[in-house]
Amino acid sequence: MSWPFLTIYIRERFDLPLTFVASILAIRSIAGLLNSFVAGPAADRFGRKWLIIASLFITGASFYLMTRATSIFAWIIVMGLYGAFQPVFRVGADAMIADIVPPEKRINAYSLIRVISNLGISFGPLIGGFLAAVSYDRAFISASIVQVILGATAIFLIKETLIKSIGVKKERESKSSFGYTAIL
């Protein structure tokens, strides 16, 4: 709902060149990339549900903090936080789908999730645009509220799908290297 307006908002609020604004947004992408290496093994070790919930609450807090950030340094911190936790939801959700959907039906399940995601990418900025036309803060706070409501709902409605019966050898390997030994 709000991410398409980040560039405009930062540019207008701080009167910065777009190249600098793009650098701030690059921090978000770098943080997301780096955290994606940790998110998969974390989902396998700690569970999908709590990864999803943490992502929803922390990205919700990030949107709220965007309304309070008054300096470039604060924006860099918020963008790093947002970037680190925003993709964690997708990692947890994708792992959860793999846990509950039989292999022969996963293509259809992931396709459906992609269609739903694209609908959100289409309609979210439309709603966000109306809110941003009134106030950027209202758009960010609305996004924050939606994330927190989804996180609270997930606590009660989502069941953990992580299989608890992992062999001792696999468990030792994942603990010693956070799951990357086999890949390397």
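Sequence-distant contacts, meaning Cα pairs under 8 Å at least 6 residues apart, place the relative contact order of the stretch 28-124 at 38 percent.
Just checking the listed ones, G40, G128, G120: in the Gaussian network model of the chain with Cα springs under 10 Å, the one fluctuating most is G120. Run the accessible area of the chain with a 1.4 Å probe and give the carbon-and-sulfur part as a rounded percent. That fraction is 70 percent. Which of the listed residues, F46, F85, F140, is farthest toward the dipole's positive end in the chain, when Lys, Arg count +1 and Asp, Glu count -1 at the beta-carbon? Selected residue: F46.
What residue among P17, P125, P41 shows peak mean-square fluctuation when the chain is described by a Gaussian network model with Cα springs under 10 Å? Among P17, P125, P41, the largest mean-square fluctuation in the Gaussian network model of the chain belongs to P17. Using the 1.4 Å probe convention, the accessible area of the stretch 73-134 works out to 60 Å² per residue with neighbouring protein chains retained. Two tests apply to each whole DSSP H helix in the chain, Cα reach of 27 Å or more along its axis and mean Kyte-Doolittle hydropathy of at least 1.0, and the ones passing both are 18-46, 72-100, 106-134, 136-157.
Seen from L157, the other residues with C-beta closer than 14 Å to its C-beta sum to a net charge of +2, counting Lys and Arg as +1 and Asp and Glu as -1. Considered as an equivalent ellipsoid built on the Cα gyration tensor, the chain has semi-axes of 33, 20, 14 Å, the largest given first.
Over all other residues within a Cβ to Cβ distance under 12 Å of I97, the charged ones net out to +3, with Lys and Arg as +1 and Asp and Glu as -1. Ordering 74-82, 50-58 by mean Cβ neighbour count within 10 Å, with the highest value first, yields 50-58, 74-82.
The values are calculated or read from the model by the stated rules, or taken from the named source; none is laboratory data. The structure displayed is predicted, hence computed values, not measured ones. Because the Cβ atoms are built from the backbone with ideal geometry, glycine has one as well, and the counts that use them run over all protein chains shown. With ligands, DNA and RNA removed, areas are computed over all heavy atoms of the protein, side chains included. Shrake-Rupley method; radii C 1.70, N 1.55, O 1.52, S 1.80 Å.
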